[in-house]
Amino acid sequence: MRAGQKDKAERFRALHQGPGAFVMPNPWDVGSAKILEGMGFQALATSSAASAMAMGSKDGMLTRDQALAHAEAIVSATNVPVSADLENGFGDAPEDVAETVRLAGEAGLAGCTIEDSTGNAEKPVYDLEFAAERIAAGAEAARRLGYPFMLTARAHNLLYENPSVDETIRRLQAYERAGAEVLFAPGLPDVAAVRAVCGAVKKPFNFMVGMKGKSFTVKELAEAGVKRISLATSLYRAAMSGLVAAAREVMESGTFEFVDRSVLTADLIKLMRA
């Protein structure tokens, strides 16, 4: 275990036990991570899609080694707990999930998320019983790490055909019984659905901001019972939207008005050193 790893993990667990909801933004590289830390966020998380795009790839195309190396770079550069989006554990078998969690611990992470998406368009989510076995294997591996590693289980059924909040609840309850420390279900359609999910589980629930029409305020989410709010690719998309808008201004009008709207480099450096 690396120096400070247990302390970070304990701080991360404490965030899930405190009052209200906390926001855990998703940097896409070391620079963005240090800026977010400097702004005062108390925990960070990688996003599989943002990490992949930052490396010129597509979501789901990074290998386990690449994803963990990317996460480890952020862990090493910051003093706050970091959780990692580790997709479906980089393998179908429960043993694959267990190995991914073990390696996440070696990388210094305070937690990770494991989803029930298969990557197979014909059968996009694992059968519930098998999905729960995968989470149970990850939870057992987390317990062996020797520090409070926060394993998050993600139910992805709302992202595919015939979305059902009732099915989401069934899945999250099964993952809770299997040992997940945090529960997560992207794609909840409204605050009422968020409230229903939070009321149906005992473990902390993570809400993912970033889907148009399905993103709500911190106040609304906290009142619905959400404990943790992650931002997925939304900050990366916001940053890249600024890049594209500035580049288009240069190409199409030959002006540089974006410079006057930009954050000063010196101010960014101050945040990184905070």
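The values are calculated or read from the model by the stated rules, or taken from the named source; none is laboratory data. Because the structure is a prediction, the values reported are computed rather than measured. Methodologically, a virtual Cβ is constructed for each residue, glycine included, from the backbone with ideal geometry; neighbour enumeration extends over all protein chains shown.
Among the residues of the range 128-146, which ones are farther than 19 Å from residue 186 by Cβ and modelled with pLDDT of 95 or more?
Once the filter is applied, which keeps residues that are farther than 19 Å from residue 186 by Cβ and modelled with pLDDT of 95 or more, the range 128-146 yields 129, 130, 133, 136, 137, 139, 140, 141, 142, 143, 144, 145.
Out of (1) over 20 Å from the mean Cα position of the chain (by Cα); (2) crowded, with 23+ Cβ neighbours inside 10 Å; (3) among the polar types (S, T, N, Q), what's the single condition that is false for residue 152?
The number of the failed condition is (1).
Exactly one condition in (1) closer than 30 Å to residue 175 by Cβ; (2) touching a residue at least 24 places away in the same chain (Cβ under 8 Å) is not met by residue 212; state its number.
The failed condition is (2).
Do we have residue 34 as basic (Lys, Arg) and modelled with pLDDT under 95 here?
no
For the range 35-65, which positions are β-branched (Val, Ile, Thr), within 17 Å of the chain's Cα centre (by Cα) and farther than 19 Å from residue 91 by Cβ?
Hits for the range 35-65: nothing passes.
Under the condition of being more than 13 Å from residue 231 (Cα to Cα) and polar (S, T, N, Q), which residue from the range 15-34 is nearest to the chain's Cα centre (by Cα)?
Among those residues, the one meeting the criterion is 32.
I'd like to verify a number: residues in the range 258-274 that are loosely packed, with under 11 Cβ neighbours inside 10 Å, in a helix (DSSP H, G or I) and either of a type in the set (A, V, I, L, M, F, W, C) or in contact (Cβ under 8 Å) with a residue 40 or more places away in the chain (or both), how many?
3
For the range 151-172, which residues satisfy the criterion of being outside any loop (DSSP other than H, G, I, E, B) and in contact with a Leu (Cβ under 9 Å, 6 or more places away or on another chain)?
Those that are outside any loop (DSSP other than H, G, I, E, B) and in contact with a Leu (Cβ under 9 Å, 6 or more places away or on another chain): 152, 153, 154, 158, 165, 167, 168, 170, 171, 172.
Is there a residue being among the aliphatic types (A, V, I, L, M), at negative phi and surrounded by fewer than 12 Cβ atoms within 10 Å (Cβ to Cβ) anywhere in the range 192-209?
yes
Among the numbered conditions (1) within 16 Å of residue 186 (Cβ to Cβ); (2) modelled with pLDDT of 95 or more, tell me where residue 223 comes up short.
Tallying (1) within 16 Å of residue 186 (Cβ to Cβ); (2) modelled with pLDDT of 95 or more, residue 223 fails exactly one: (1).
Would you check if there is a residue in the range 227-238 being surrounded by fewer than 18 Cβ atoms within 10 Å (Cβ to Cβ), touching a Phe, Trp or Tyr at 6+ places or on another chain (Cβ under 9 Å), at pLDDT 95 or above and assigned to a helix (DSSP H, G or I)?
Looking through the range 227-238, none of the residues is surrounded by fewer than 18 Cβ atoms within 10 Å (Cβ to Cβ), touching a Phe, Trp or Tyr at 6+ places or on another chain (Cβ under 9 Å), at pLDDT 95 or above and assigned to a helix (DSSP H, G or I).
Cβ-Cβ distance below 9 Å, separation of 6 or more or different chains: which pairs start in the range 127-153 with a residue that is under 18 Å from residue 172 (Cα atoms) and touching a residue at least 60 places away in the same chain (Cβ under 8 Å) and end on one that is of a type in the set (Val, Ile, Thr) and surrounded by 21 or more Cβ atoms within 10 Å (Cβ to Cβ)?
150/182; 152/113; 152/114; 152/182
Given the conditions (1) within 17 Å of residue 11 (Cα to Cα); (2) within 16 Å of the chain's Cα centre (by Cα), report the number of the one that residue 145 does not fulfil.
(2)
For residue 65, indicate whether it is modelled with pLDDT under 95 and among the charged types (D, E, K, R).
Spelling it out, it is not the case that residue 65 is modelled with pLDDT under 95 and among the charged types (D, E, K, R).
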